[in-house]
1. So I have (1) 36; (2) 61; (3) 29, and one of them is percent of Cα pairs over 23 Å apart calculated from this model. Which one is it?
2. Using +1 at the C-beta of Lys and Arg and -1 at the C-beta of Asp and Glu, which of A100, M49, P35 has the Cα lying farthest in the positive direction of the dipole of the chain?
3. Residues of segment 33-70 with amide nitrogen under 15 Å from the 7 Å Cα-to-Cβ point of D77?
4. Tell me the relative contact order for segment 3-112 as a rounded percent, counting alpha carbon contacts under 8 Å between residues six or more apart.
5. Under unit Cβ charges (Lys, Arg +1; Asp, Glu -1), what dipole magnitude, rounded to 20 debye, does the chain have relative to its Cα centre?
Amino acid sequence: MSAEADDAIDTLLRLSFDGSVEDGGFTDHVMRTLPRRRPQGAWFSFAGMIAGAVSCWLAMRSSPIVLAGWKNWVGGDSSVPLTPLLIVVLGLSVLGLIWAISESMGDDREMLT
């Protein structure tokens, strides 16, 4: 569902009901007995990035275009193999940035409700 549909449903429910439903304290009891939610540390993302980088390196280490592009990059030369390598690095950086921004916006939305 979209955010607009969620907001419309939330508004409709708030207009239809005057308050909480009497359940004899059942909801409060259940909420007290639920285990606390553990915050996920940054180590999980860091470990995933390291594992992804290592697996990518293992898969691509024998590719001649990657080796030539890497040598040219380190040497400061511009070449045909360097262009796709830089495009991939830039593209993955942008995708990671977009993912991080979308995740942070999702966390803010959950805190508002």
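1. Computing percent of Cα pairs over 23 Å apart and matching it to (1) 36; (2) 61; (3) 29 gives (2).
2. The listed residue farthest towards the positive side: M49.
3. From segment 33-70, the list is 65-70.
4. This gives 11 percent for segment 3-112.
5. Here the size comes out at about 920 debye.
None of the figures in this text is laboratory data; all of them are computed from the coordinates on show. Quantities reported herein were computed from a predicted structural model and do not represent experimental measurements. Neighbour counts run over all protein chains shown; Cβ positions are idealised from the backbone, glycine included.
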